[in-house]
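Inspection log for the structure reproduced underneath, given as structure tokens.
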Amino acid sequence: MILYTILPPEEIFAEEWGEEAAAPVEVQVDGVILSVSPGGNGSARVERVISTNPEDYLHPFFQPGSPVFLAGRDP
Amino acid sequence: MEEKAVPVKAPAPAAPASDPARSPEGQQVALQSVKHMGQVSVPAPVVEPSFHCLTVVGQIEGHLILPPKNKTTKYEHVLPQLVAIEQNPRIKGTLILLNTVGGDIEAGLAIAEMIATMSKPVVSLVLGGGHSIGIPIAVAADHSFIARSATMTIHPIRLTGMVIGVPQTYEYLDKMQDRVIRFIVEHSRITEERLRDLMFRTGELMRDIGTVLVGEEAVKAGIIDEVGGMAEAMRKLRQLTEEAGEAEDSPAPPIPPAGAEELGTPPRPWAGRPRHRRLLALRHRWGAPRRRGGL
């Protein structure tokens, strides 16, 4: 089988390689729902913005990959 | 021709100085608050956009449990957002961007029904793909566009997973199929016969029945209204919004083009408007009292 894709192999074969990423959690920051992937120690990275307001996608803190610190969550 | 002083638009007002989050120090403070509290107060945009945009990407999910990496449009996200758009008086219209492979029928139809029954103008734009249950969502809008390179796959309902092989299962599926077909027929120009013909056609899809429509073909089939892109979709949305706005409260007439009076033509704010709108424009210009009892 040949896969023609731009996706990195660790993303496609996550299950086979046994390094499944933690399921993204949804947090609300100032009324905007963000899908973030927790990385331990209460830190997380923005995966996706879930909003219909186009301005939210331009917000510097909501760019995918930006760090978010989850307060009140166990590391 | 003599040179005339052209009124220059006043420069757009800069962000108010009182907005602390806009200044570099304010951003620093905001960053600190993110670090310490995990929270940030988002600075209010200077001009709130009057159009919101709903993206339907990946799979449309209802009850399937998908791996976390899968791109999904979840209806528990979409439905409240549509309610918020409907209720917010500052939002004038919605653009729906579709690039979906399809998904759950109940979820797809729920989103489509919500879009179809919204009172604000909705324009949809199919990019890449708007397959299977993406079709009802695309046609639910007041006006639909498809990119020239985008495709739509029309095929009958299929089941994955366990199927209980009793005649009732087939009848249940058939009813579900009819619901989808009825929705598409009611919200687009296609006839039921033509849609069923496309849906059950053999020989176009490998090991399956159905049809793939590319760009223009979807318009010719009567499913989509127009071939177009971002500019066309936004123009249509603006036009629909203006029409809707005029219907309930006529706005100020447009400023006549500069130099129109020198050329001897009176400014005609109603020019270029549909006939039924002209009266409204005239009334406004003459300063007739608006909304007095009886009218």
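Miscellaneous remarks
- Taken about its Cα centre, segment B:51-240 carries a charge dipole of roughly 560 debye when the Cβ of each Lys and Arg holds +1 and the Cβ of each Asp and Glu holds -1.
- In sequence order, segment A:37-51 has phi-based couplings of 9, x, x, x, 6, x, 9, 7, 10, 6, 9, 7, 9, 10, 7 Hz under the Karplus curve 6.51 cos²θ - 1.76 cosθ + 1.60, θ = phi - 60°, and Gly or Pro positions carry x.
- Extreme residue, positive dipole direction of segment B:51-240, given options B:HIS187, B:HIS77, B:GLY229 (C-beta unit charges): B:GLY229
- Each of B:SER188, B:SER119, B:SER149 has some number of other Cβ atoms within 10 Å of its Cβ, and from fewest to most they run B:SER119, B:SER149, B:SER188.
- DSSP-defined antiparallel bridges as percent of all bridges, segment B:51-240, nearest 5: 20
- Pairs from B:LYS74/B:LYS120; B:LYS120/B:LYS175; B:LYS71/B:LYS175 whose Cα-Cα separation, in the structure shown, is over 24 Å: B:LYS120/B:LYS175; B:LYS71/B:LYS175
- Amide H contacts of B:ALA150: B:GLY128, B:GLY215, each under 5 Å away and 5 or more positions distant or on a separate chain (H built 1.01 Å from N in the peptide plane; Pro and chain starts excluded).
- Equivalent-ellipsoid semi-axes for segment B:51-240 (Cα gyration tensor, √(5λ), whole Å, largest first): 26, 20, 15.
- Loop-located GluC sites (Glu not before Pro) in segment A:12-65 (DSSP state not H, G, I, E or B) with no more than 16 neighbouring Cβ atoms inside 10 Å: A:GLU15, A:GLU16, A:GLU19, A:GLU20.
Only the coordinates and a few stated rules stand behind these numbers; no lab work does. Not measured: the values here are computed from a predicted model. In this analysis, Cβ positions are derived from the backbone assuming ideal geometry, glycine residues included, and neighbour counts consider all displayed protein chains.
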